[in-house]
Amino acid sequence: MNSLKYLRKTEFGRIILTTFYRLSIVLFVRLAQNLEIRKSATMEEKNKSSQPDIFYKVDVVVIGAGQAGLSAAYYLKKAGLEPGRGFVVLDDEFGPGGAWQHRWNSLTLSTVNGINDLPGMSFSEAVDTNDADLQANVAIPQYYEKYEKTFQLPVIRPVRVHEVSERNGRFFIRTNGVQFSARGLVNATGTWKTPRCPHYPGWEKFRGRQLHTAEYKNASEFRGMHVLIVGGGISAIQLLGEISELTRTTWVTRRAPAFRNYEFTPERGREAVALVEQRVREGLPPESVVSVTGLPLTPYIRRLMDNGILDRKPMFKEITETGVKWADGSTLEVDVIFWNTGFTHSLDHLAPLNLKNEKGGITMTGKLATQVAKDPRIHLTGYGPTASTIGANRAGRVAVRELLAALKA
């Protein structure tokens, strides 16, 4: 006891105690101490394992350590919850960076749409923002790593959440590692892990290569090939322009792209977000902001138009062994079909909670529409109107305030 008092009085001793405490969080999780034991309730669960289910108890579990998850973790700690015992952050990546670490190599600080600061630490404090050629998939993981360490956030990785269920007023979070039990839940899993890829007739016949935006690294891998780019969003146009500099491209979209001759101002952004927010409050599936705003005619897009790159063709009807075929019988031979068809929200692990309605959406409420109307103990940050990085920051603050109020009620 005297030694402990001495350590508390000295700066070096306090560092030792802090380090010991941080390590103890991991050890508690690894050794499964302070646990709740719950025996399997169904024969199906009993068949999976003859051992009882063991859960580590916390107040709040945050799923995902991207922008939205880190923002929520920051405000949970600021609200007084103890890292490790009061809350944990579960991340299925091997390192910090969220989805950004998987972005294509050509996306640099000069070409990325914008990087918004996390609460409490600016991006420029961790990264040399004057280096315009610095890859986003390098810079942002550096930023997130420094952020996690600076604020000593209890991020546990790699942990993949398989499912979340509810019983007797608590959520049971099943993972590929340690299991957790929590009173509240912040889901911040984003969309990157669930790419949307429409299945057209003949998909399995194609002898060339098919890939999605999530798999793209750089244009050099397509040199000398004919690349068919599918999709009408910002990423599709950006990558179409990039790949067309090295090889032949053809662009197809399901609908004619809605190019609009205006400057995308913060006011227009807020108007678009409001429309998306209205949808989720009504329980409808969220739409992307681009589907509401259209595509602003930026200098880059105008240059692509002037060079004949944006010569859009309608969507094909089927895929053949060597290319695609349209409804009128015309065909096109290609080497690569590149699907830039967006992503869906990664929510499959929440299926046991039965949050989705007959419309296929989740009815949301709360100040920023992050709170699930069916259960106020659940917040979906980065969903619908809060899918942008700036929206995710605001959502973290508001979601934590509303969640803690619900847990006290």
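If packing is taken as the average count of other Cβ atoms within 10 Å, what order do 58-65, 371-378 fall into, highest mean first?
Working: 58-65: 25.2, 371-378: 19.2.
The most tightly packed comes first, giving 58-65, 371-378.
For the residue pair Ser220 and Asn116, what label-to-label distance in nm results when each label sits 7 Å from Cα along the Cα-to-beta-carbon direction?
Once both label points are built, they end up 3.5 nm from each other.
With a ≥ b ≥ c taken as the square roots of the eigenvalues of the C-alpha gyration tensor of region 121-238, please select rounded if a/c is under 1.5 and otherwise prolate if a/b is larger than b/c or oblate if it is not?
Here region 121-238 falls in the oblate category.
So if each residue of separation counts as 0.36 nm, and I subtract the Cα-Cα distance between Glu321 and Asp348, what length gain in nm does that give?
So the chain would gain 6.4 nm between Glu321 and Asp348.
So for region 106-187, taking the charge dipole from beta-carbon charges (+1 Lys/Arg, -1 Asp/Glu), which of Val155, Phe180, Val112 sits furthest toward the positive end?
So the residue we want is Phe180.
Taking a ≥ b ≥ c as the square roots of the eigenvalues of the Cα gyration tensor of region 178-315, is the shape rounded (a/c under 1.5), prolate (a/b larger than b/c) or oblate?
Values: a/c = 2.09, a/b = 1.28, b/c = 1.63.
Note, shape of region 178-315 comes out oblate.
Taking the Cα centre of region 286-351 as the origin, how large is its charge dipole in debye, to the nearest 20, when only Lys and Arg (+1) and Asp and Glu (-1) carry charge on their Cβ atoms?
About 300 debye.
Do you know the relative contact order of region 331-388, to the nearest whole percent, from alpha carbon pairs under 8 angstrom that are 6+ apart?
This gives 18 percent for region 331-388.
Hey, with R₀ at 35 Å, roughly what FRET efficiency would Arg196 and Asn168 work out to, going by the Cβ-Cβ distance, to 0.05? Spell out each step's value before the answer.
Numbers: r = 36 Å, r/R0 = 1.04.
Computed FRET efficiency for Arg196 and Asn168: 0.45.
Between Lys146 and Leu275, with labels modelled 7 Å along Cα→Cβ, what's the label distance in nm to one decimal, could you check?
Label at Lys146, label at Leu275, 3.8 nm between them.
Where the only charges are on Cβ atoms (+1 Lys, Arg; -1 Asp, Glu), what is the dipole of region 163-248 about its Cα centre, to the nearest 20 debye?
In debye, rounded to 20, region 163-248 gives about 260.
Looking at the square roots a ≥ b ≥ c of the eigenvalues of the Cα gyration tensor of region 297-361, which shape do they give, rounded for a/c under 1.5, prolate if a/b is larger than b/c, or oblate?
oblate
In what sequence do His345, His199, His379, His162 fall when counting other Cβ within 10 Å, fewest first?
Numbers: His345 20, His199 8, His379 31, His162 11.
Fewest-to-most Cβ neighbours within 10 Å comes out as His199, His162, His345, His379.
Given points 7 Å out from each Cα along the Cα-Cβ axis, report the Arg183 to Lys367 separation in nanometres with one decimal.
With each label placed 7 Å out from Cα toward Cβ, I get 2.1 nm.
Each residue of region 166-180 in order: what ³J(HN,Hα) in whole Hz does its phi give by Karplus 6.51 cos²θ - 1.76 cosθ + 1.60, θ = phi - 60°, with x for Gly and Pro?
In residue order, the calculated couplings are 10, 7, 6, x, 10, 9, 10, 9, 8, 10, 7, x, 6, 8, 10 Hz.
Read-outs throughout are calculated quantities, based only on the coordinates presented, and are distinct from any laboratory measurement. Because the structure is a prediction, the values reported are computed rather than measured. Reconstructed Cβ throughout: ideal geometry from the backbone, glycine too, with neighbour counts over all protein chains shown.
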